[in-house]
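In what follows, a single structure is set out as C-alpha cells and then discussed.
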Amino acid sequence: MLKVENLNAGYGKLQVLHEVSLFFPERKISVVIGPNGSGKSTLLKTIFGLTKIYSGKIIFENNDITFLPPHKIASMGIAYLPQTNNVFENLTVEENLRMAGYNLSKEELEARLASSLEFFPQLKLYMKRKARQLSGGERQMLAIAMSLIRKPRLMMFDEPTAALAPKIAHQVLRSIVKLRDELGITIILVEQNARAALEIADKASLLVSGRVIFDGLPKDLLENPELGRMYLGVTSSQV
Amino acid sequence: MIPPIVEDTIVYSSVLILLSLGLTLTYMTTKVPNFAHATISIVGSYVTLTVLVLSLISLAREALISQADSQSFYRLIKSFSFAPLHYALFMALGFLLGSLIGVAQYKLVLKPLSQRGANVVQLMIATIAVDMFLLSMLNIYADKLLEYVVSKANELSSIAGFKVNLGVQTRDFILYSYDYSKTLGTQRLVMIAPVMAADLLVALSFVLYRTKLGVALRASIENPSLASTLGVNVDKMYTLAWALSLGLAGLAGSLIPLKYLVNPSTGQLFVLSIFAASILGGLNSLAGAVIGGVLIACFEIPVFNYLSSHLGISSAYRTVIPLLAMALTLLFIPRGVAGLNWKKLFSRVRR
Ligand SMILES: Nc1ncnc2c1ncn2[C@@H]1O[C@H](COP(=O)(O)OP(=O)(O)O)[C@@H](O)[C@H]1O
Ligand SMILES: [Mg+2]
C-alpha cells in the first residue's frame with residue numbers, strides 16, 4: 001500500500017527524519033507513536049509533500065509520489081488530518097466541509113456531506129458559523145468530519161484525539177476502526193494516547209529522534225519491557 | 001450639476017478602490033507589498049492612448065480618402081470622442097495586459113525567488129526591480145509610439161497635400177477632451193468610474209463568497225498547506241489572484257488618462273495613495289481596502305482642499321496626506337480599519 005524507504009527529510013537545513021523505512025499494509029490500522037518532537041508529524045507531512053526531502057522514496061500503490069506536490073497527492077486518494085491548524089478559521093463550517101470535498105463531484109459531495117454530518121450532528125447547528133467561533137472540541141470534530149468527507153484509500157490522522165474529552169476520543173477511535181472495517185480504508189494513526197491507539201492497531205512503529213526503533217506487532221511493543229517502560233508509561237509491574 | 005470637487009472625489013476614489021483592492025489581494029497571497037502595482041496600471045493608461053492613436057489614424061485616413069480639405073479635416077479630428085466600443089476596448093485590453101504582467105511577475109520573478117528561499121525584503125526589492133523594468137519599457141514605448149504617430153502623420157500629409165498633425169502626445173498627455181459628453185455636461189468618466197468600481201466589487205465578492213473557486217482562493221490565502229492537502233492547487237489560486245489584481249490595476253489605469261496627466265512615471269505618484277489606502281484598510285481585508293480607498297480620496301481631495309483654501313497650504317503638499325495616513329495608521333491602528341473592534345468602539349461612543 002504505502003511504503004517509505006530510507007527517508008531523510010526535514011525543514012530547510014534542519015533534518016528531522018533519518019533513514020526512515022516503514023511499510024503500511026492495506027486495510028490495516030498502523031499506529032506510529034513516539035515522544036514529543038520525535039518527528040511523527042513530520043513523517044506525515046513528508047508523505048504529503050509538505051517538507052523538504054533530501055533523499056529516499058515514498059511509494060503509494062506502486063507509484064512513486066516522493067516529489068509530487070500536495071494537491072496531486074490528495075487527488076491520488078490520500079487524506080490527511082493535520083495536528084494543528086486543521087480547519088480554515090475564516091471560513092464557515094459549511095465552507096470548510098465543502099473545501100474538504102474539493103475534488104469530489106457535486107452529487108458525491110452532497111451525499112458525503114450528509115453522511116459525515118450524521119457522524120457529528122452537532123455541527124449541523126453551526127453550518128453558517130465561522131470556524132474560529134467553535135470551541136476546541138468542536139473544531140476537532142469539524143476537522144475529522146472534513147477528513148471523512150473524501151473517500152480516500154489511505155487516511156493519515158495526526159493525534160486526532162488530543163484535544164477531545166475521553167468519551168469523544170473513544171468515539172473517534174471507534175470511528176477509525178469503522179473506516180477500516182466498513183470502508184476498507186488503510187489508516188496511519190499518530191497518537192500520544194498510545195495505549196488506546198495500540199488497542200485498535202494492527203501494526204505499531206515507534207519513532208525516537210527521527211529514527212525507527214521499533215516496527216512490528218502492537219502486542220510485541222506493549223510486551224517489550226524496555227521500550228514499554230520508556231515510551232508507553234507502562235511500569236514493569238503492569239507488564 | 002455635480003460640483004467639480006464631488007466629481008473629482010468620486011472618480012479618484014473609484015480608481016483608488018480598484019487599485020488598493022488589487023494591492024491588498026496580492027499582499028494577502030504572497031505577503032509581499034508589490035511596488036510595481038501602480039506602474040502596471042500605467043501600462044493600462046498607455047493602452048488607452050494606443051486605442052486613441054489607432055482610432056485617430058483610421059479616422060484621418062477615411063477623411064482623406066473622401067477628399068476632405070484641411071479645415072474640415074481638422075474639424076473632424078477635433079470632434080473625435082470615445083464611443084462605447086472604445087471604452088469597452090481599452091478597459092478590456094487594460095485588464096488583459098495588466099493581468100498578463102501580473103501573472104508574469106508572480107510566475108517568473110516572485111515564485112522562483114521564494115522557492116530559492118528569498119525573504120520578504122528580498123522579494124520586495126524584486127518588485128521594485130520589476131517596477132523599474134516596466135518604467136523603462138513604458139519610456140521606450142512612449143518614444144516608439146511617438147515615432148509611429150509622426151511617421152503616420154507624414155504618410156497622411158503626403159496623401160492630403162497639407163501638413164497633418166494628429167495632436168497626440170505620448171508623454172504628459174491627458175485625454176479629457178475625448179471623454180466629454182455634451183448631454184452629461186461633464187466627462188463620461190464621472191459615471192463610468194463609480195459604476196465600474198461598484199460592478200467589479202459586486203462581481204468580486206460574488207466570486208469570492210459564492211463560488212467554489214472563490215472559497216478555494218480564500219482557503220488558500222488563509223492556510224495554503226491545508227488547502228493543498230485537500231486537493232487545491234494553491235499555486236494556481238495565487239496565479240489567479242495576481243491575474244485578477246493586476247487586471248483590475250490595468251483597467252483602472254486605462255481610465256486614469258481621461259482625467260489625470262499621464263507620464264511613464266505617473267505610477268510613482270499614485271503608488272503612495274494606493275499603499276496608504278491598503279494600509280489604512282489593514283492590508284488583510286478587501287473590505288478594508290475599499291474603505292481605505294474612499295477615505296484616502298476624501299482626505300486628498302475635499303479635506304485637503306478645505307485645508308489649502310482656509311490655511312493657505314500649498315497644493316504641492318498633497319502627497320503628505322497619504323504619507324501621514326500611512327504613518328498614523330501604522331502607529332495607532334496597525335491592523336487598519338478592518339482590525340478595529342467596531343462594536344466596542346460604538347458602545348464607547350454611545351456611553
Ligand atoms: N515547521 C517547522 N519548521 C522547523 N522545524 C520544525 C517544524 N515543525 C517541526 N519542527 C521540528 O521538527 C522536530 C519534530 O517535530 P514533530 O514532527 O512535530 O514531532 P512530533 O509530531 O513527533 O511531536 C522538532 O524538533 C520540531 O521542533
Ligand atoms: Mg506532532
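Give the residue, chosen from B:Ile256, B:Ile279, that is buried (at least 24 other Cβ atoms within 10 Å of the Cβ), under 17 Å from B:Ala327 (Cα atoms) and β-branched (Val, Ile, Thr).
B:Ile279
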Selected residue (criterion: farthest from ligand 1 (Cβ to nearest atom)) from residues of segment A:29-69 that are part of a loop (DSSP other than H, G, I, E, B), touching a Lys or Arg at 6+ places or on another chain (Cβ under 8 Å) and more than 14 Å from every other protein chain (Cβ to nearest Cβ): A:Glu61
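Residue-by-condition table, conditions (1) in contact with a strand residue (DSSP E or B) (Cβ under 8 Å, 6 or more places away or on another chain); (2) within 16 Å of ligand 1 (Cβ to nearest atom):
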| position | (1), (2) |
| --- | --- |
| A:Gln122 | no, no |
| A:Leu125 | no, no |
| A:Lys130 | yes, no |
| A:Gly136 | no, no |
| A:Pro152 | yes, no |
| A:Met155 | yes, no |
| A:Ala163 | no, yes |
If a residue counts only when it is touching a helix residue (DSSP H, G or I) at 6+ places or on another chain (Cβ under 6 Å) and more than 11 Å from chain A (Cβ to nearest Cβ), which helices (runs of 4 or more DSSP H) contained entirely in segment B:182-261 have at least 2 such residues? B:189-210, B:234-255
So B:Ala287 passes all but one of these: (1) within 20 Å of the chain's Cα centre (by Cα); (2) over 29 Å from B:Leu135 (Cα atoms); (3) in a loop (DSSP other than H, G, I, E, B). Which condition number does it fail? (3)
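Count, please, the residues in segment A:148-195 that happen to be of a type outside the set (Lys, Arg), away from ligand 2 (no atom under 16 Å from the Cβ) and either out of contact with any Asp or Glu (no Cβ under 6 Å at 6 or more places or on another chain) or within 14 Å of chain B (Cβ to nearest Cβ) (or both).
The total comes to 23.
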Flagged pairs (Cβ under 8 angstrom, 6 or more apart or on separate chains; first in segment B:298-309, touching a residue at least 40 places away in the same chain (Cβ under 8 Å) and on the phi < 0 side of the Ramachandran plot; second among the polar types (S, T, N, Q) and surrounded by 15 or more Cβ atoms within 10 Å (Cβ to Cβ)) are B:Cys298/B:Thr9; B:Cys298/B:Ser13; B:Glu300/B:Ser273; B:Ile301/B:Thr9; B:Pro302/B:Thr9
Are there any pairs, at least 6 apart or on different chains, whose C-beta atoms fall under 9 Å, with the first in segment A:32-47 and closer than 21 Å to A:Ile200 by Cα and the second within 8 Å of ligand 2 (Cβ to nearest atom) and charged (D, E, K, R), and if so, which? A:Val32/A:Lys40; A:Ile33/A:Lys40; A:Gly34/A:Lys40; A:Lys40/A:Asp158; A:Lys40/A:Glu159; A:Ser41/A:Asp158; A:Ser41/A:Glu159; A:Leu44/A:Asp158
Name the residues in segment A:70-90 that are free of Cβ contacts under 8 Å to residues at least 60 places away in the same chain and assigned to a loop (DSSP other than H, G, I, E, B), would you? A:Met76, A:Thr84, A:Asn85, A:Val87, A:Phe88, A:Glu89, A:Asn90
Filter segment A:20-37 down to residues that are modelled with pLDDT of 95 or more and small (Gly, Ala, Ser) and give me whichever is nearest to ligand 2 (Cβ to nearest atom). A:Ser30
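The values are calculated or read from the model by the stated rules, or taken from the named source; none is laboratory data. This is a predicted model, so every value here is computed, not measured. We place every Cβ from the backbone using ideal geometry, glycine too, and count neighbours over all the protein chains shown.
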